[in-house]
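Colleague: So that we are looking at the same thing, I have put the structure below in structure tokens.
The values are calculated or read from the model by the stated rules, or taken from the named source; none is laboratory data. If you're wondering where the values come from, they're calculated on a predicted model, not measured in any experiment. Because the Cβ atoms are built from the backbone with ideal geometry, glycine has one as well, and the counts that use them run over all protein chains shown.
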Amino acid sequence: MTEIEVNIPERVMDEIADNLVILTREIDRRDPEKTAHGFLGGEHGYGAHWDNAVFTMRPYYWGDCTCGHDEREAAWDAANKHRDDCYQSELRGIMAEYDRDSGYAEINRAAFGGDESVMGGMDTQEESPMPGVMVMTMTPRRDKVMDEWRRAHDKRRKFEDEVYAKLCAKHRLSRYGCAVHCTCDYQPNWQAWVKVNGHRDDCELVLPNFRHKASGMAVRWYKYIGRDMGATGAPEDINALVAIFRECIASLPAP
Ligand SMILES: [Zn+2]
Ligand SMILES: [Zn+2]
């Protein structure tokens, strides 16, 4: 992202929010199909889809990245590995050996059968106290397999703590960050990659929710107008701000 978020006085942000709601209402009067709807944000609080010569507006985007960033990230990860003598490789090697030789990997598989989410360690029970209402209760599983897993997991954690202490001493590193230390060039290379490989400016995750084309003023919000809202290029003079929104409304076709 090339733009920098600047701190804008609260009264200016309030003015922007009010005007965005008014603009949404005006779009809704022209074409209700273009308006986004929700519950908490109020009737015209979600913005609308509109693009003309004067401005662009788009509601908050709920989906995933559309610029291929995730794929580029996975490709980088597949092409780059920690060096064999890196702290991280040593740590992973020791723990993989432990999981195999202590039988932990097997116990873990038996307990979760592939479902290592919180749900996998829970017993769930569903009840319907009245028609149309379903209540689900979750209790930690207390079967023999789970008990064995808890014992094995405690033992593994103790072993892991000892490995952290040993490796941190060997590599002269602090205990803080002991799970993620890297002593090769993987980490600096990754940070350098991230710096120049963000989401592209045309990614749906990055595009502003409102942009006034002539001034470059851009606004982003989270879910609905006013919530965690940020603006760039907005005039601090209220009259200039109102003039921008007047121009936007005037650019709409007659209702
Ligand atoms: Zn993206
Ligand atoms: Zn490394």
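Colleague: Of (1) among the polar types (S, T, N, Q); (2) modelled with pLDDT of 95 or more; (3) out of contact with any Phe, Trp or Tyr (no Cβ under 9 Å at 6 or more places or on another chain), Thr183 satisfies all except one. Which?
Modeller: Only one criterion in (1) among the polar types (S, T, N, Q); (2) modelled with pLDDT of 95 or more; (3) out of contact with any Phe, Trp or Tyr (no Cβ under 9 Å at 6 or more places or on another chain) is unmet by Thr183, namely (3).
Colleague: So for the range 237-244 (the condition being in a loop (DSSP other than H, G, I, E, B), over 30 Å from Trp76 (Cβ atoms) and at pLDDT 90 or above), does at least one residue qualify? I'd like the intermediate steps shown before the answer.
Modeller: Here is the first cut: in the range 237-244, the ones in a loop (DSSP other than H, G, I, E, B) are 237.
Imposing the further condition that a residue be over 30 Å from Trp76 (Cβ atoms) reduces the set to 237.
Now drop any that are not at pLDDT 90 or above, which leaves 237.
For the range 237-244, residues in a loop (DSSP other than H, G, I, E, B), over 30 Å from Trp76 (Cβ atoms) and at pLDDT 90 or above: present.
Colleague: So, in the range 204-219, exactly how many residues are within 15 Å of ligand 1 (Cβ to nearest atom), touching a helix residue (DSSP H, G or I) at 6+ places or on another chain (Cβ under 9 Å) and either at pLDDT 95 or above or part of a strand (DSSP E or B) (or both)?
Modeller: Looking only at that region, the number is 0.
Colleague: Continuing with this model, one more query. Starting from the range 24-45, keep only residues that are farther than 19 Å from Val219 by Cα, then list their pairs with residues that are among the hydrophobic types (A, V, I, L, M, F, W, C) whose Cβ atoms are within a distance under 8 Å, requiring at least 6 positions of separation or different chains.
Modeller: Filtered contacts from the range 24-45: Asp28/Ala48; Arg30/Leu252.
Colleague: Let me ask you something else. Take the conditions more than 16 Å from ligand 2 (Cβ to nearest atom), in contact with a Lys or Arg (Cβ under 7 Å, 6 or more places away or on another chain) and either under 25 Å from Ile238 (Cα atoms) or not in a loop (DSSP other than H, G, I, E, B) (or both) and apply them to Ile27. Does it pass?
Modeller: On the way: more than 16 Å from ligand 2 (Cβ to nearest atom): yes; in contact with a Lys or Arg (Cβ under 7 Å, 6 or more places away or on another chain): yes; either under 25 Å from Ile238 (Cα atoms) or not in a loop (DSSP other than H, G, I, E, B) (or both): yes.
Yes, satisfied.
Colleague: Run Arg29 past the list (1) crowded, with 16+ Cβ neighbours inside 10 Å; (2) more than 27 Å from the chain's Cα centre (by Cα); (3) of a type outside the set (A, V, I, L, M); (4) within 21 Å of Pro255 (Cβ to Cβ) and report the number of the one that doesn't hold.
Modeller: Unmet for Arg29, out of (1) crowded, with 16+ Cβ neighbours inside 10 Å; (2) more than 27 Å from the chain's Cα centre (by Cα); (3) of a type outside the set (A, V, I, L, M); (4) within 21 Å of Pro255 (Cβ to Cβ): (1).
Colleague: Right, another one. Residues Asp84, Asp64: which one is surrounded by fewer than 12 Cβ atoms within 10 Å (Cβ to Cβ), farther than 16 Å from Val206 by Cα and in contact with a helix residue (DSSP H, G or I) (Cβ under 9 Å, 6 or more places away or on another chain)?
Modeller: Details: Asp64 fails: farther than 16 Å from Val206 by Cα.
Matching residue, one of Asp84, Asp64: Asp84.
Colleague: In the range 220-255, which residues are over 16 Å from Arg58 (Cβ atoms) and of a type in the set (Lys, Arg)?
Modeller: Residue satisfying the conditions is Arg246 alone.
Colleague: Next up: Considering only residues that are in contact with an Asp or Glu (Cβ under 7 Å, 6 or more places away or on another chain) and surrounded by fewer than 13 Cβ atoms within 10 Å (Cβ to Cβ), which ones fall in the range 139-171? Reasoning before the result, please.
Modeller: In the first step, residues of the range 139-171 are kept if they are in contact with an Asp or Glu (Cβ under 7 Å, 6 or more places away or on another chain); the result is 139, 141, 167.
The answer is Thr139, and nothing else.
Colleague: Return the only residue of Asp85, Asp77 being assigned to a loop (DSSP other than H, G, I, E, B), within 16 Å of ligand 2 (Cβ to nearest atom) and among the acidic types (Asp, Glu).
Modeller: Details: Asp77 fails: assigned to a loop (DSSP other than H, G, I, E, B).
Checking each option against the conditions leaves just Asp85.
Colleague: Also: Working only within the range 176-203, note down all residues that are farther than 15 Å from Ala74 by Cα, touching a helix residue (DSSP H, G or I) at 6+ places or on another chain (Cβ under 8 Å) and more than 10 Å from ligand 1 (Cβ to nearest atom).
Modeller: Within the range 176-203, Cys178, Ala179, Val180, His181, Cys182, Thr183, Cys184 qualify.
Colleague: Can I ask one more? Do we find that Glu106 is surrounded by 13 or more Cβ atoms within 10 Å (Cβ to Cβ) and either under 22 Å from Lys155 (Cβ atoms) or of a type in the set (S, T, N, Q) (or both) in this structure?
Modeller: Values: surrounded by 13 or more Cβ atoms within 10 Å (Cβ to Cβ): no; either under 22 Å from Lys155 (Cβ atoms) or of a type in the set (S, T, N, Q) (or both): yes.
It is false that Glu106 is surrounded by 13 or more Cβ atoms within 10 Å (Cβ to Cβ) and either under 22 Å from Lys155 (Cβ atoms) or of a type in the set (S, T, N, Q) (or both).
Colleague: While we're looking at this one, here's another question. How about the range 192-207: which of its residues are free of Cβ contacts under 8 Å to residues at least 60 places away in the same chain and either surrounded by 14 or more Cβ atoms within 10 Å (Cβ to Cβ) or more than 16 Å from ligand 2 (Cβ to nearest atom) (or both)?
Modeller: Lys195, Val196 - these are the residues of the range 192-207 that are free of Cβ contacts under 8 Å to residues at least 60 places away in the same chain and either surrounded by 14 or more Cβ atoms within 10 Å (Cβ to Cβ) or more than 16 Å from ligand 2 (Cβ to nearest atom) (or both).
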